[in-house]
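So the structure is just underneath, and the comments pick up after that.
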Amino acid sequence: MTVRCPALLVAAPASGQGKTTVTAALARWHRQAGRRVRVFKCGPDFLDPQILAVASGQPVFNLDLGMMAGEEVAWRLADAARTSDLILVEGVMGLFDGRPSAADIAERFRLPILAVIDGSAMAQTFGALAHGLASYRPGLPFAGALANRVGSPGHGAMLAESLPAGMTWFGALPRNEAALPERHLGLFTAREIPDLDVRLDRLAAALGAATTLDLPAPVSFPDLVPPKPPRLLAGRRIAVARDAAFAFLYPANLETLSDLGAELRFFSPLAGDAVPECEALWLPGGYPELHGPALGANPGFFPSLRAHHEAGRPILAECGGMMSLFGAVVDGAGAVHPFAGLLPGRATLQPRLAALGLQRANFDQGVLTGHTFHYSRSETSCPVWRQAAYPDGRQGEAIYRSRGLTASYMHFYFPSSPAATAALFGAAA
């Protein structure tokens, strides 16, 4: 049996073309038209999904054939198709970039591709680029093209005329229309853009004025249902830091913890919260280096972290979460911020990317997949407990262990091994 729902995969010839902007505009426009829109993001991205969740009004899950099994991608699409009027999938990098790529997902699940191309510095070459994307891999489902950063209605008309015969023109977005702000790890988090809804409404209006936004053709998905893991964390309260300093959370990770039976207790160190009463603690990645003074001014946060650790209770600290546990963090301007001191050493921000890519980590209960993406380097005397690896076998991130604390630059994807995840948060063997 299958379920059917209109769907598009929004791709581009390269990063920086405006995929997130266009996907958000499409989601907001169809939502304003009264449709239920579900959006997904290709790749292990934390920031774009936050923007897309505000645009669509629904949680945005990641789809990545390197980080998750194809069966999970299939049942997530089917689950969305059962309850939605439109599915949008934002690609990652260029359409064919990476192994696996956005094109691999489009081909495997027959998702029609909408190519977003920055038309700001071209004319008829726009059509050549669109033709190349459509024809590079024979049999790839291709829906049409949309121009971003167009200078005028006449410029948009020129780009539309350049498309090969039979290729659909999806319209254009004007140059500088409600651009979304960025920093070194990508877009700002959604909570850091106070006028985000205004920007999204402007984007939707501009896109709606440039084209007729009909629903695409329905796509058939196998009628699969998600598996349910055993409730290995039943009765355990897990405190989860969540604010602008600790913002990198996969919705699928929260879903997995809940499915395992955990009670999630969110708190905000930036708002002055200490660690709440809990059996285990999760410090996800984020930007602690941008909030050193605010974190240091919270009188209860670092002492409550130390008390939790001294009691031997589990802590999982990922990337920025791990950085917050060092004795100090040196930010991009060279300022030194004292932090919790649970781990010896310090982390120092670098001007260039320090590590990037999918990784795997072997635990006694299973293999956790995930990824790494950071600009800082750490120096610590803490012994390495386990070592993650890249898919090609190269050595990946160190994983440190101190009492109940597990810390690494690696961001773990919990659905890849619910049993290993449960063990990190203190589930009985």
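Tabulated data for the structure shown
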quantity	calculated
Residues being touching a residue at least 60 places away in the same chain (Cβ under 8 Å), of a type outside the set (Gly, Ala, Ser) and either outside any loop (DSSP other than H, G, I, E, B) or under 22 Å from Leu224 (Cα atoms) (or both) - total across the stretch 83-107	7
Residue within the stretch 376-384 that is of a type in the set (A, V, I, L, M, F, W, C) and within 17 Å of Val329 (Cα to Cα) present	yes
Subset of the stretch 322-343 that is out of contact with any Phe, Trp or Tyr (no Cβ under 8 Å at 6 or more places or on another chain) and part of a strand (DSSP E or B) - its residue that is surrounded by the most Cβ atoms within 10 Å (Cβ to Cβ)	His337
Residue check for Leu368: within 18 Å of His309 (Cβ to Cβ) and buried (at least 24 other Cβ atoms within 10 Å of the Cβ)	no
First in the stretch 108-136 and modelled with pLDDT under 95, second anywhere and among the basic types (Lys, Arg) and surrounded by fewer than 18 Cβ atoms within 10 Å (Cβ to Cβ), Cβ under 8 Å, 6 or more apart	Ser120/Arg175
Filtered residues of the stretch 18-33 (kept if more than 18 Å from the chain's Cα centre (by Cα) and within 22 Å of Glu107 (Cβ to Cβ))	Leu26
Counted residues, the stretch 44-61 - those being small (Gly, Ala, Ser) and crowded, with 24+ Cβ neighbours inside 10 Å	2
Count - residues of the stretch 207-260 that are among the small types (Gly, Ala, Ser), assigned to a strand (DSSP E or B) and under 25 Å from the mean Cα position of the chain (by Cα)	2
Every pair of residues 6+ apart whose Cβ atoms lie under 9 Å, when the first sits in the stretch 220-244 and is farther than 21 Å from Thr421 by Cβ and crowded, with 22+ Cβ neighbours inside 10 Å while the second is at pLDDT below 95 and of a type in the set (Lys, Arg)	none
Qualifying residue in the stretch 21-33 (condition: within 29 Å of Ser417 (Cβ to Cβ), among the hydrophobic types (A, V, I, L, M, F, W, C) and in the same structural domain as Pro218 (by TED's automatic domain parsing))	no
Hits in the stretch 110-124 (condition: buried (at least 22 other Cβ atoms within 10 Å of the Cβ) and either assigned to a strand (DSSP E or B) or within 21 Å of the chain's Cα centre (by Cα) (or both))	Leu111, Ile113, Leu114, Ala115, Val116, Ile117
The one condition in (1) buried (at least 18 other Cβ atoms within 10 Å of the Cβ); (2) touching a helix residue (DSSP H, G or I) at 6+ places or on another chain (Cβ under 7 Å) that Leu129 fails to fulfil	(2)
Yes/no for Ala14 being farther than 19 Å from Met67 by Cβ and either part of a helix (DSSP H, G or I) or outside the structural domain of Ala69 (by TED's automatic domain parsing) (or both)	no
Which numbered condition Leu353 misses (of (1) part of a strand (DSSP E or B); (2) without any contact (Cβ under 8 Å) to a residue 24 or more places away in the chain; (3) within 25 Å of Asp97 (Cβ to Cβ); (4) of a type outside the set (Phe, Trp, Tyr))	(1)
Cross-chain or 6+ apart pairs with Cβ under 6 Å, the stretch 267-293 first and modelled with pLDDT under 95, then of a type in the set (D, E, K, R)	Glu289/Asp331
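For every residue, the table says whether it meets (1) under 31 Å from the mean Cα position of the chain (by Cα); (2) farther than 19 Å from Leu26 by Cα.
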site: His131; (1), (2): yes, yes
site: Gly144; (1), (2): yes, no
site: Ala147; (1), (2): yes, no
site: Leu159; (1), (2): no, yes
site: Gly171; (1), (2): yes, no
site: Pro174; (1), (2): yes, no
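The rows are residues; the columns are (1) within 24 Å of Ala307 (Cα to Cα); (2) outside the structural domain of Gly321 (by TED's automatic domain parsing); (3) free of Cβ contacts under 8 Å to residues at least 24 places away in the same chain.
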position	(1), (2), (3)
Leu358	no, no, no
Phe373	no, no, no
Gly393	no, no, yes
Arg403	yes, no, no
His411	no, no, no
Ala419	no, no, no
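The values are calculated or read from the model by the stated rules, or taken from the named source; none is laboratory data. For clarity, every value in this text was computed on a predicted model and none was experimentally measured. Note that each Cβ is placed from the backbone with ideal geometry, even for glycine, and that neighbours are counted across all protein chains shown.
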